[in-house]
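Every number here is computed from the coordinates shown, using simple stated rules; none is lab data. All values reported here derive from a predicted model rather than from experimental measurement. Quick reminder, even Gly has a Cβ in these numbers, built from the backbone with ideal geometry, and neighbours come from all protein chains shown.
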Amino acid sequence: MSEVTEFRKAKDNFFKTSPQSPLTLEQKKSFAGLPYFPENPALRFELPLERYANPERVLMQTNTGATQEYLKIGQVRFKVNGEDASLQVYESTDNTGAYFVPFVDATAPAESYGAGRYLEPEEQHAGELLVDFNFCYNPYCAYNDRWSCPFPPPENRLKVRIEAGEKKYHE
């Protein structure tokens, strides 16, 4: 079983059984697992993080009308089916050091969540990130409106299709 398959199995179990699940009790009754694109090794990249000399504080609008603050720290560049693409990389301002990449791609809204998906790349080596779109996921607000989720900024709207990770959730 691949790492992606194991991750998806654990996530589905969390959604079905955990009190911290984004699903309501009613949704859990009929939950049979999240829909995913097939695992796609071509959408797994080790990329240099092009850090900005002066990270910019940005406020991202959320679905509830609130804002959340992040640091725009740099960007990653990659190719999908021969087309150039780039995404801005953010860090939370809560000093966790976690990287955050909210994005919308050309699979939205027909196949993936229309408001965008999230990815949390991991640092592999100094200055290099593992950007594995097989682990991209829907924000919790995709499941019900009791969650506040930031919208991807305009510069993270891709013209390419990212056929990996979670698909749009259907009850």
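Per the Debye calculation on the range 36-156 with a single equal scatterer at every Cα and no solvent contribution, log₁₀ I(q)/I(0) for q = 0.15, 0.16 Å⁻¹ amounts to -0.69, -0.79. Think of each Lys and Arg Cβ as +1 and each Asp and Glu Cβ as -1; about the Cα centre, that makes the dipole of the range 59-139 roughly 200 debye. About its Cα centre, the chain has a charge dipole of approximately 480 debye under the convention of +1 per Lys or Arg Cβ and -1 per Asp or Glu Cβ, with nothing else charged. Checked against a 18 Å cut-off, the cross-linked pairs K9/K79; K79/K159; K11/K167 give Cα-Cα distances beyond that limit for K9/K79.
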